[in-house]
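The values are calculated or read from the model by the stated rules, or taken from the named source; none is laboratory data. In this text the structure is predicted, and so the values were computed from the model without any measurement. Cβ placement follows ideal geometry from the backbone for every residue including glycine, while neighbour counts extend to all protein chains displayed.
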């Protein structure tokens with residue numbers, strides 16, 4: 001159960017939220033700005049277990065079936081009294097009736113409190129602009145999708161991440177080759193020399209990220225990396241105001257295997273880059289021992305956009321710090337067929353042209 005926190009402007013009592021452009025808390029009603037550090041007092045309750053507020057199961061239209069309400073919580077907005085419904089992992093959101101940003105303090109109380117957060121650097125306008133840029137130059141993109149596209153949903157989400165530190169002791173062996181070619185009056189010669197190359201060493205890794213939310217596709221989150229840790233600051237709930245945030249539902253222990261896999265792959269890639277001067281290099285044996293592991297809990301900024309076309313949903317993600325944008329797009333099958341027919345016709349015409357030139361050269 002979680003208590004609910006709203007940040008109020010001391011000048012006009014309006015709801016204030018974090019502004020990514022100024023990196024300050026801002027009141028949208030009177031334009032008063034506040035430094036985030038000035039609101040540290042709001043975070044004192046997070047150092048202990050926050051007192052739970054009254055929670056009721058929402059039951060419109062009759063009684064819920066057994067197990068139907070599992071994972072659903074309802075909260076009363078302190079500004080307008082409207083009910084806010086969220087799942088067990090919702091930690092920050094906005095009231096659907098008055099729009100006031102809210103933070104559910106209990107989700108970050110005690111051991112669940114993040115160590116750090118990277119505040120949003122880019123706003124919703126930047127995310128929309130990146131989507132338009134992403135659609136440019138896509139010749140097989142359906143014209144209707146480009147010209148009449150509407151964004152069904154766009155939201156800034158603080159995604160929970162586990163950050164792993166570790167040292168890797170590595171012993172790797174590569175097989176490499178060099179090739180020498182020469183000719184005489186009779187033959188062409190090729191000589192291939194094989195080498196066994198060994199690399200031993202230790203690499204240190206800091207803040208290897210693994211997203212801690214089962215709602216987020218791992219590949220999608222890795223695609224918008226890296227996040228720059230230079231912008232990471234100690235966690236304060238004020239940064240969440242105006243955004244959506246979830247607490248982790250994948251534990252650090254359950255994330256270790258994926259972190260280790262990323263560290264081992266990065267180690268192999270790093271040592272592979274030191275094997276130079278050869279034409280081919282192949283990894284033959286890899287022994288990597290990891291030790292000194294530590295984990296930190298952080299929230300990273302992500303803009304999520306979703307749109308639909310012909311019954312299919314398309315999800316896009318943008319790094320809220322760097323602006324890196326990824327997402328799959330539909331293909332206009334009719335346009336793809338025309339493109340293939342055009343390409344085939346061009347290749348056929350070129351082939352006939354070559355044959356005609358050869359025939360012409362023969363008769364001349």
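Details
- Take the conditions (1) at pLDDT 80 or above; (2) surrounded by 15 or more Cβ atoms within 10 Å (Cβ to Cβ); (3) closer than 17 Å to residue 328 by Cβ; (4) more than 17 Å from the chain's Cα centre (by Cα); residue 165 misses just one of them, which is (3).
- Scanning region 177-214 for residues that are surrounded by fewer than 13 Cβ atoms within 10 Å (Cβ to Cβ) and in a loop (DSSP other than H, G, I, E, B) returns 184, 185, 186, 187.
- Residue list for region 259-315, filter: on the phi > 0 side of the Ramachandran plot and within 28 Å of the chain's Cα centre (by Cα): 292, 310, 311
- Test set (1) within 21 Å of the chain's Cα centre (by Cα); (2) at pLDDT 95 or above - residue 196 fails condition number: (1)
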